Amino acid sequence: MYDYLVVGAGLYGAVFAREAKERGKSVLVIDKRPHVAGNIYTEKIEGIHVHKYGAHIFHTNNKKVWNYITRFAEFNRFTNSPVANYHGELYSMPFNMYTFNKMWGVVTPEEAEAKINKQRAEIQGEPRNLEEQAISLVGRDIFEKLVKGYTEKQWGRDCKDLPAFIIKRLPVRLTFDNNYFNALYQGIPIGGYTKLVENLLSGIEVRLETDYLEQKAELDALAEKVVYTGPIDAYFDYSLGHLEYRSVRFETELLDKPNFQGNAAVNYTDRETPWTRIIEHKWFEFGKHEQ
């Protein structure tokens, strides 16, 4: 009999299991996948640690969190500075003075602010949807080129049909700062996230390729308490339908060239391009590459 059965060997499950073990509890961790690390699983391909289920950049302002996670992995100094591609026009992300200079030719923060204020004036009162919220933050030009198409591809619906709160945290800066995350601590684990999670789970019993929902009664009987970290709609047998936010599809290509796009992340913001972004994983860990 275990004190805890942890369903899911991702970051949350691994941290919980580690904390429980360090407090003298017995823990069993299971996962239906054939590997640990859940959605932050990284797979080594041609010497590159590929984020199998989408890009993950660790960032936090909490020193306690940073000191904790760096017990289990050494982190590099990767800074997330994505580029937006609109029909071949390249813009800096998040929206900052480089973006505004490329969009309007403005040079000073005062000029940029005046341009944004002029365009955001079309929204009167509290924004009612994502489109109005975005325009109220950055104006019509940036919304049309850098927000609208990307967002509609990502969510599968018109910006007018999406709630305003989705985009309220959109970074807008009147400085020349391309660092997307305004966080004190940021980086990627050297050796990949899988190694990080394996270190978290060191000394803890783990059973892979074990589907909790298919063997729920049998597995529940093994522990006093269950910590479930899997899809919440699956847990309730999709009684309210499928959650729509898990709709991302990944396609991986192996290219025989040293440098494809020169940056870890390039977002394609026009509606016509059928994908939202391209990730070149080598730039996450190699930093400034020699080529």
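The values are calculated or read from the model by the stated rules, or taken from the named source; none is laboratory data. This structure is a prediction, so every number in the text was calculated from the model and none was measured. Virtual Cβ from ideal backbone geometry, glycine too; neighbours counted across all protein chains shown. Accessible surface is based on the protein model in full, side chains and every heavy atom, while ligands, DNA and RNA are left aside. Shrake-Rupley method; radii C 1.70, N 1.55, O 1.52, S 1.80 Å.
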Looking at the stretch 181-190, can you tell me whether even one residue there is closer than 25 Å to Pro274 by Cα and at pLDDT below 95? no
Counting only helices (runs of 4 or more DSSP H) entirely within the stretch 178-291, those with at least 3 residues that are within 23 Å of Pro94 (Cα to Cα) and open to solvent by less than 60 Å² (accessible area, probe 1.4 Å) are 282-286
What residue, of Glu110, Glu122, is over 17 Å from Ile167 (Cα atoms), touching a helix residue (DSSP H, G or I) at 6+ places or on another chain (Cβ under 7 Å), open to solvent by 20 Å² or more (accessible area, probe 1.4 Å) and without any contact (Cβ under 8 Å) to a residue 24 or more places away in the chain? Glu122
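Residue-wise test of (1) in a loop (DSSP other than H, G, I, E, B); (2) under 25 Å from Thr273 (Cβ atoms); (3) touching a Lys or Arg at 6+ places or on another chain (Cβ under 6 Å).
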site: Glu19; (1), (2), (3): no, no, no
site: Arg33; (1), (2), (3): yes, no, no
site: Asn39; (1), (2), (3): no, yes, no
site: Glu43; (1), (2), (3): no, no, yes
site: His56; (1), (2), (3): yes, yes, no
site: Asn67; (1), (2), (3): no, no, no
site: Phe72; (1), (2), (3): yes, no, no
site: Thr79; (1), (2), (3): yes, no, no
When the stretch 5-44 is examined, which residues are found to be free of Cβ contacts under 8 Å to residues at least 40 places away in the same chain and within 29 Å of Tyr180 (Cβ to Cβ)? Asn39
Taking the residues in the stretch 1-55 that are of a type in the set (Val, Ile, Thr) and surrounded by 21 or more Cβ atoms within 10 Å (Cβ to Cβ) as candidates, determine which candidate is farthest from Glu251 (Cα to Cα). Val27
Per-region count, the stretch 216-246, residues among the hydroxyl-bearing types (Ser, Thr, Tyr) and closer than 25 Å to His49 by Cβ: 1
Could you grab me the full set of residues in the stretch 1-14 that are farther than 18 Å from Leu208 by Cβ and not in a strand (DSSP E or B)? Met1
Somewhere in the stretch 127-138, is a residue out of contact with any Cys (no Cβ under 8 Å at 6 or more places or on another chain) and touching a residue at least 40 places away in the same chain (Cβ under 8 Å)? yes
Going through the stretch 125-147 in order, the residues found to be open to solvent by 50 Å² or more (accessible area, probe 1.4 Å) and closer than 23 Å to Tyr268 by Cα are Arg140, Asp141, Glu144, Lys145
Can you name the residue in the stretch 162-175 that is surrounded by 12 or more Cβ atoms within 10 Å (Cβ to Cβ) and farther than 11 Å from Phe95 by Cβ and is also modelled with the lowest pLDDT among such residues? Lys168
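Yes/no per residue for (1) without any contact (Cβ under 8 Å) to a residue 40 or more places away in the chain; (2) under 19 Å from the mean Cα position of the chain (by Cα):
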site: Glu46; (1), (2): no, no
site: Lys64; (1), (2): yes, no
site: Ile69; (1), (2): no, yes
site: Phe72; (1), (2): no, no
site: Thr79; (1), (2): no, yes
site: Tyr91; (1), (2): no, no
site: Met97; (1), (2): no, no
